[in-house]
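Take a look at the structure set out below.
The values are calculated or read from the model by the stated rules, or taken from the named source; none is laboratory data. The model shown is predicted, which means the values in this text are computed figures rather than measured ones. What goes into the accessible areas is simple: the full protein's heavy atoms, side chains included, and nothing from ligands, DNA or RNA. Shrake-Rupley method; radii C 1.70, N 1.55, O 1.52, S 1.80 Å.
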Amino acid sequence: MTTSTRRGAIGRVGNIALWGLQIVLAGFFLMSALGKFGNAEPAASTFAAIGWGGWFRNLTGALEVAGAVALLVPRLAGAAGLAFVGLTACAALVEAFVSGGGVFLPLTVLVLCAVVAWGRRDGTARLWAAVSGRRDGRRDGR
């Protein structure tokens, strides 16, 4: 499926809106990562409550930076959105059951990441086909 065909499926306005959302989410995750790298609150106390120490906080920050960059790469944007759905689902669970914080922000970000993942699903399917060596969803084109 070509880029023009994909754009036809979501429309020009939808494509522009998705790019805007991807840019906003990339900025959000970069800022979130900076807080983790700087050991700022609430990241410091949340990761201390989890009990896995600074290494897990830094790993999460690194994943956020990598995902933020991937949101801005057309071929990776859908996969990044999907990965962030998982990351923010875990963040919502930690907020709800470990730190006792509010879950509104992580759930809102989860929904926005799901919108990106859904909107860029054709690109994710093409990426998966290229990585797995499949064509039309079957191995070796059979």
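Just a few scattered comments:
- Evaluated over the Cα positions of the chain, the convex hull gives a direction-averaged projected area, one quarter of its surface, of 9.4 nm².
- Surface composition of the chain: carbon plus sulfur atoms hold 69% of the accessible area, using a 1.4 angstrom probe and ignoring ligands, DNA and RNA.
- 3J(HN,Hα) couplings calculated from phi for segment 10-21 with the Karplus curve 6.51 cos²θ - 1.76 cosθ + 1.60 (θ = phi - 60°) are, in sequence order, 9, x, 5, 5, x, 5, 5, 4, 5, 4, x, 5 Hz; Gly and Pro show x.
- On a per residue basis, the chain carries 59 Å² of accessible surface, using protein heavy atoms and a 1.4 Å probe.
- Full extension of the chain between Ala49 and Val131 gives 25.8 nm of extra length, using 0.36 nm per residue less the Cα-Cα distance.
- The 3J(HN,Hα) values that the Karplus relation (6.51, -1.76, 1.60; θ = phi - 60°) gives for segment 68-76 are, in residue order, 4, 5, 5, 4, 9, 9, x, 6, 9 Hz. Gly and Pro appear as x.
- Cα gyration tensor shape for segment 46-120, rounded if a/c is under 1.5, else prolate or oblate: oblate
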